[in-house]
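Asker: One structure, pasted below without further comment.
Rule-based calculations on the coordinates, nothing more; no lab input. Model, not experiment: these values are computed from the prediction. Neighbour counts are summed over all protein chains in view; Cβ atoms, including those assigned to glycine, are modelled from backbone coordinates with ideal geometry.
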Amino acid sequence: MDTADRRTTDSAADALIAQLTQVEESFNEAMISNEVSRISACMADDWVLVTPEAGVVPRERILHAIATGVLSHDSMSKDVGRVKVYGDIALVTARGRNTGTFKGQRISADEWVTDVYRRTEGRWRCVLTHLTPVATP
């Protein structure tokens, strides 16, 4: 795992990595709860999702899909491989796996995830999630 910005001491970098790894886990737990209030608490108001299939998807569209049952998750995990912190902006790159349903059909994903976080008022909130499917041999 990469460390946070070189200008930060090792112990401070380790603390930031641990903090952001926990933020990711909290986001995962919120997603599998399928509770819009918990999920939206992890996101900035201007959060977007970027996927190869749909392009840029605004926060409101994802939250509406979850609220109406069009999208739900029953598992979500991320193996964090890289954390970079630049002041109040952090980039977290992980390999993510999730399962659930979309429009009544089972879904399963294995993808590279990059989450961009912004720290405001001492709290990290995700402003962008970018997904790239893991290439299959």
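Asker: Which whole-number percent gives the relative contact order of segment 10-133, counting Cα pairs below 8 Å spaced six or more residues apart? Mind showing how you got there, number by number?
Answerer: Numbers: 234 pairs, mean separation 29.8, N = 124.
Dividing the mean separation by the residue count of segment 10-133 yields 24 percent.
Asker: Tell me, what is the FRET efficiency for Thr68 and Thr99 to the nearest 0.05, using R0 = 25 angstrom and their Cβ-Cβ distance as r? Walk me through the numbers on the way to the answer.
Answerer: Working: r = 19 Å, r/R0 = 0.78.
Once the sixth-power term is evaluated, E becomes 0.80.
Asker: Can you put Tyr86, Tyr117 in order of Cβ neighbours within 10 angstrom, beginning with the fewest? Could the numbers behind the result be given before it?
Answerer: Working: Tyr86 10, Tyr117 24.
Going from least to most buried by this count: Tyr86, Tyr117.
Asker: Okay, moving on. Counting pairs of Cα atoms in segment 10-133, how many percent are more than 19 Å apart?
Answerer: On the way: 3437 of 7626 pairs.
So the portion of pairs separated by more than 19 Å is 45 percent.
Asker: Connecting C-alpha atoms closer than 10 Å in a GNM of the chain, tell me which of Val92, Val116, Val56 has the biggest fluctuation.
Answerer: Looking only at Val92, Val116, Val56, the biggest GNM fluctuation is shown by Val56.
Asker: Quick one: order Glu35, Glu121 by neighbouring beta-carbon count within 10 Å, fewest to most.
Answerer: On the way: Glu35 13, Glu121 5.
Going from sparsest to densest Cβ surroundings: Glu121, Glu35.
Asker: Still on this structure: Could you pull out every residue, at least 5 positions away or on a different chain, whose amide H is within less than 5 Å of the one on Ala44? Hs are placed 1.01 Å off N in the peptide plane, and Pro or chain starts have none.
Answerer: Cys126, Val127
Asker: Mind checking the full-extension length gain between Arg106 and Leu91? Use 0.36 nm per residue of separation minus the Cα-Cα distance, one decimal, nm.
Answerer: Details: separation 15, 0.36 × 15 = 5.40 nm, distance 2.98 nm.
Length difference between fully extended and current span is 2.4 nm.
Asker: Can you give me the Cα centroid spacing of segment 35-51 and segment 66-117 in angstrom?
Answerer: Centre-to-centre distance over Cα atoms comes out at 11 Å.
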